[in-house]
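Below is one structure, written out as structure tokens, with a few remarks after it.
The values are calculated or read from the model by the stated rules, or taken from the named source; none is laboratory data. Just so it is clear, the model here is predicted, and its values are computed rather than measured. Please note: Cβ atoms are built from the backbone with ideal geometry, for glycine as well, and neighbour counts cover all protein chains shown. Ligands, DNA and RNA are stripped out before the accessible areas are found, and what is left, the full protein with its side chains, is counted by its heavy atoms. Shrake-Rupley method; radii C 1.70, N 1.55, O 1.52, S 1.80 Å.
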Amino acid sequence: MMRVAVVTGAARGIGAATVRQLAAEGWAVVAVDACANDPVISYPLGTRAELDVLASLGDVTPVVADVRDLAALQDAVDVAVESYGGLDAAFAVAGVIAGGGPHWSTSVESERAVLDVDLLGVLNLARVAVPALLARPEPRSGRFVAVASSAAAQGLPRLAAYSAAKAGVVGFVRGLAVDLRGTGVTANAVSPGSTDTAMLAESARIYDLASVDVFATQQPVERLLAPEEVAAALVWLAREDNGGITGAVVPVDGGLSL
């Protein structure tokens with residue numbers, strides 16, 4: 001039976017790489033993205049054109065939805081159930097970054113955007129996706145997988161809200177794993193290091209760096225990670241035969257956390 005997934009933040013970066021890998025492995029995917037810029041986020045976000053390109057991969061249905069909008073996320077899950085017969089995995093990938101100064105001098109609006117997208121967006125996806133995962137007949141192999149960050153375990157200057165949001169993702173996934181005890185549905189997270197995405201480019205701007213290449217020197221692998229490397233771990237955690245892993249945080253950080 002074809003497995004079915006919902007992926008947020010799907011228009012580009014790690015989200016798009018996750019959709020591509022899932023499609024290559026025969027999954028049906030509802031690819032979700034807000035496809036709109038945010039006035040308090042200082043860099044361009046994913047576009048509808050980028051999201052729609054994914055439809056060419058096969059059984060991929062693009063859906064425009066902001067992870068801060070619970071009803072819109074419910075509609076995306078409903079599309080998965082109605083179009084493909086159910087849901088087997090939910091990937092909470094959507095994320096933004098904002099900051100540029102110490103917490104007390106950072107705008108409330110930009111911090112709220114980070115917290116609402118990066119943390120509340122994960123909780124929102126779980127709220128609507130987990131009931132669909134549990135609706136599958138036993139024995140289940142449902143998977144909830146979220147993107148955390150190496151920032152969850154170390155303080156980043158000028159990005160306190162981002163660090164807080166990602167630490168919250170780790171705590172939430174662990175709590176959700178316990179809530180799912182005995183159901184056959186698991187909850188895990190992947191913590192990327194410096195990955196070659198638009199978010200990393202914005203981080204370089206925040207730190208007044210000439211290039212993202214500076215981040216590569218901080219990782220023992222001495223290079224930036226590709227979005228596909230992070231996506232590979234996300235998809236691996238969603239495999240049916242990985243039911244023994246839950247409440248885990250898998251580092252895909254090029255050794256940054258060492």
Lone unmet requirement of (1) at pLDDT 95 or above; (2) open to solvent by less than 30 Å² (accessible area, probe 1.4 Å); (3) over 15 Å from the mean Cα position of the chain (by Cα) for Gly101
(1)
Can you go through Ala49, Ala80, Ala76, Ala23 and tell me which one is over 21 Å from Ser149 (Cα atoms), in a helix (DSSP H, G or I) and either open to solvent by 40 Å² or more (accessible area, probe 1.4 Å) or polar (S, T, N, Q) (or both)?
Ala49
Of all residues in region 208-239, which are under 30 Å from Arg3 (Cβ atoms) and aliphatic (A, V, I, L, M)?
Leu225, Ala226, Val230, Ala231, Ala232, Ala233, Leu234, Val235, Leu237, Ala238
Reported set for region 67-105 where residues are farther than 24 Å from Gly184 by Cα, touching a residue at least 60 places away in the same chain (Cβ under 8 Å) and not small (Gly, Ala, Ser) is Val96, Ile97
List every residue pair whose Cβ atoms sit under 9 Å apart, with the two residues 6 or more apart in sequence or on different chains, where the first one lies in region 234-258 and is assigned to a loop (DSSP other than H, G, I, E, B) and the second, anywhere, is open to solvent by less than 20 Å² (accessible area, probe 1.4 Å) and of a type in the set (Asp, Glu).
Ala238/Asp88
Scan region 164-173 residue by residue and report those that are open to solvent by less than 20 Å² (accessible area, probe 1.4 Å) and either within 10 Å of Val114 (Cβ to Cβ) or at pLDDT below 95 (or both).
Ala165, Lys166
Looking only at residues in region 112-128 that are open to solvent by 30 Å² or more (accessible area, probe 1.4 Å) and under 11 Å from Ala161 (Cα atoms), which one is farthest from the chain's Cα centre (by Cα)?
Arg112
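Per-residue answers, yes or no, for (1) of a type in the set (Ser, Thr, Tyr); (2) at positive phi; (3) open to solvent by less than 70 Å² (accessible area, probe 1.4 Å):
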| position | (1), (2), (3) |
| --- | --- |
| Ala187 | no, no, yes |
| Asp208 | no, yes, no |
| Ser211 | yes, no, yes |
| Phe215 | no, no, yes |
| Glu222 | no, yes, no |
| Ala231 | no, no, yes |
| Leu234 | no, no, yes |
| Pro251 | no, no, no |
From the residues in region 194-233 that are polar (S, T, N, Q) and free of Cβ contacts under 8 Å to residues at least 40 places away in the same chain, which one is farthest from Val170 (Cα to Cα)?
Ser211
Do we find a residue being open to solvent by 30 Å² or more (accessible area, probe 1.4 Å) and over 12 Å from the mean Cα position of the chain (by Cα) anywhere in region 139-146?
yes
